[in-house]
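Working notes, structure below.
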Amino acid sequence: MTADAAAPPAESAAKTVGRGVMFIGFAKIFFMLSGSIQRFWLTNILGAANLGDFGTVNSFISIINNTVVQGTIQGVSKPTAEDDARAGAVQRAGVRLQAGLGLVLALVILAGSSWLAAFWQSPRLASYFRIAALIPLLYAVYAVFVGSANGLRRFRTQATFDVTFSTLKTILLLGLAYLWSVRGAFVGFAAAAAAIMVIAARAMRLPATGEPFPIRRIASFMGAVVAYTALLNLALNADALLLRKAALWAPGVDATAAATVAGNYEALRTFAILPYQALLVVTFVIFPLVSRATFAADREATRAYVSQTMRYALILAGLMGIVLAARPSALFGTIYKPEFSAGAAALPILAAGQCCLALLSVACSILNAAGRTRAPLLLMIVTLAIGAAGIAIFVPRAATGTPMLITAATAVAVATATGLLAALVVLRTRLGGMPPAATMVRVALALAGAVIAARLVPGHGKLLGFAVMAMVGFAYVAILVVTREFGADDRAKFAKVFKR
């Protein structure tokens, strides 16, 4: 009778987790696709120099936004999930804390707008920073309501917020960019953030019950999360900011030429970061599993989670990386104007670097979930330092255009590969798990086979290029199946997840 009584709660929990993964996964995929649409269309609406201006300001703001949002969601979700009865009190404390923090960030960006523009020797950037200064404030408050939804397991509501915001941002950002160029793009961005904040506030306004929740408890928990998240977002966005500055140090390169290089790099990054965005879903799924296993001191379960998570992440990253690298000229020629073709040659290198960063972020998420918070910080600091040094030293020595893009991409790839190798060593020594050696060999074999398959087909036309990309992806998967790396057990696991 005890087992029977326990079964329904366990089944209910499984359904909650399964549905949560499906809802949040769909929202993240929608967010990724809409973000790609925004970047692809902006390249056709804006010229290379204007896209460089947008990319510089957007990368700077994204570091702040992503750090604040991720820290806020976790900071509000954790105490809410611990006791639903105090959800309203936690929400009010979060709104007060984040409204104050967001206001400080907005004022700092506003006050420093002229200095930031002078840093990149482009006075026109100042007005863009002033408009964008409002966005972190709106994001900070909006994230509190997302955190409440997450803590209360209202995953459908949380996913609805993400999809609604992505839709609003795409329409407003692109529509106003068409009318008023870069300035319009940021007005549209801010308008979408204001709209979703109001929508979320109305949908998730919770009644105040019980004692007020201490603001310091949210702030103290956010501190550790924010430090790592800031470093991760720097690793994701700092290369674009550093490249524009380093280009100014090259002989004969003025502010307009540097902006054009930055615009071409922004177009290049739009493709290259797709593997990172796709693997974000993995971190959402694995975090609670590892947290639970390590809390229970179940070393064998922890090792199994680590090994299997890194294994699947490696397989997925390899697939996306090789497809992107197969025919970059076809991708650029189809999506972009000819003025952005300079980045095609650098795509295979930067895609490899971003695949390494994606795997590094999964590894760091596992370490954080296991309570090993110091290692991810050190890994990100080392990765950032190597990448920044490579761009600062070698980009000014490269010729303007494609050579600069290849140099920056190479610096990123070397830095992220180094960080990933170090992370694998840490996973092995601290948690006893890493991708199985046989998996790494088979993935390397599949990558080599896919490259050979791409080389066998001559020509670089658009239609032929996409055909080659499909063929390369098929060859990669086929080799993994033939070598039994992706076998019947794996297919059964995926079927079980989707049935749930």
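If the condition is being among the polar types (S, T, N, Q) and surrounded by fewer than 24 Cβ atoms within 10 Å (Cβ to Cβ), then the range 139-155 contributes only N150.
For the range 304-317, indicate whether the set of residues that are touching a Cys at 6+ places or on another chain (Cβ under 7 Å) and closer than 29 Å to E485 by Cα is non-empty. Looking for residues that are touching a Cys at 6+ places or on another chain (Cβ under 7 Å) and closer than 29 Å to E485 by Cα, one finds at least one in the range 304-317, hence yes. If you go through the range 377-400 one residue at a time, do you hit one that is of a type outside the set (V, I, T) and outside any helix (DSSP H, G or I)? Among the residues of the range 377-400, at least one is of a type outside the set (V, I, T) and outside any helix (DSSP H, G or I), which makes the answer yes.
Looking across the range 371-386 at every residue that is in contact with a Leu (Cβ under 6 Å, 6 or more places away or on another chain) and within 22 Å of S307 (Cβ to Cβ), the one that is surrounded by the fewest Cβ atoms within 10 Å (Cβ to Cβ) is identified as A375. Considering only the range 182-222, state which residues are assigned to a helix (DSSP H, G or I), modelled with pLDDT under 95 and buried (at least 19 other Cβ atoms within 10 Å of the Cβ). The answer is I218, M222. Checked across the range 204-223, the condition of being in contact (Cβ under 8 Å) with a residue 12 or more places away in the chain, more than 30 Å from T383 (Cβ to Cβ) and touching a Ser or Thr at 6+ places or on another chain (Cβ under 7 Å) holds for at least one residue. In this entry, Q158 passes the filter for residues that are part of a helix (DSSP H, G or I), crowded, with 21+ Cβ neighbours inside 10 Å and modelled with pLDDT under 95. Answer yes if at least one residue in the range 445-458 is in contact with a helix residue (DSSP H, G or I) (Cβ under 6 Å, 6 or more places away or on another chain), in a helix (DSSP H, G or I), touching a residue at least 60 places away in the same chain (Cβ under 8 Å) and not aliphatic (A, V, I, L, M), and no otherwise. No. Of all residues in the range 376-385, none satisfies being more than 18 Å from Y228 (Cα to Cα), small (G, A, S) and modelled with pLDDT of 85 or more. Pairing residues of the range 474-500 that are in the same structural domain as A446 (by TED's automatic domain parsing) with residues that are at pLDDT 65 or above and of a type in the set (F, W, Y), at Cβ distances under 7 Å and at least 6 apart in sequence or on separate chains, gives L480/F486. In the range 408-428, is there at least one residue being touching a residue at least 40 places away in the same chain (Cβ under 8 Å) and more than 24 Å from the chain's Cα centre (by Cα)? Within the range 408-428, not a single residue is touching a residue at least 40 places away in the same chain (Cβ under 8 Å) and more than 24 Å from the chain's Cα centre (by Cα). Does L324 qualify as being among the aliphatic types (A, V, I, L, M), within 30 Å of I479 (Cβ to Cβ) and at pLDDT below 75? Here the answer is no, as L324 does not meet what is asked. Only one of the listed residues (A278, A257, A330, A250) is small (G, A, S), modelled with pLDDT of 90 or more, part of a helix (DSSP H, G or I) and farther than 19 Å from N368 by Cα. That residue is A257. Within the range 339-376, track down each residue that is part of a loop (DSSP other than H, G, I, E, B) and closer than 19 Å to A313 by Cβ. Scanning the range 339-376 gives A370, R372. Screening V425 with (1) more than 20 Å from Y276 (Cα to Cα); (2) of a type in the set (A, V, I, L, M, F, W, C); (3) modelled with pLDDT of 95 or more gives one miss only, at (3). Screening A423, A453 for residues that are touching a Cys at 6+ places or on another chain (Cβ under 8 Å), of a type outside the set (F, W, Y) and surrounded by 18 or more Cβ atoms within 10 Å (Cβ to Cβ) leaves exactly one candidate, A423.
Set side by side, the residues L232, L179 differ, and just one is crowded, with 18+ Cβ neighbours inside 10 Å, assigned to a helix (DSSP H, G or I) and hydrophobic (A, V, I, L, M, F, W, C), which is L232. Screening L367 with (1) within 20 Å of the chain's Cα centre (by Cα); (2) in contact (Cβ under 8 Å) with a residue 40 or more places away in the chain; (3) under 27 Å from T400 (Cβ atoms) gives one miss only, at (3). A single entry from A201, A193 fulfils the requirement of being in the same structural domain as Q121 (by TED's automatic domain parsing), within 20 Å of V57 (Cβ to Cβ) and touching a residue at least 12 places away in the same chain (Cβ under 8 Å): A193.
The values are calculated or read from the model by the stated rules, or taken from the named source; none is laboratory data. In this text the structure is predicted, and so the values were computed from the model without any measurement. In this analysis, Cβ positions are derived from the backbone assuming ideal geometry, glycine residues included, and neighbour counts consider all displayed protein chains.
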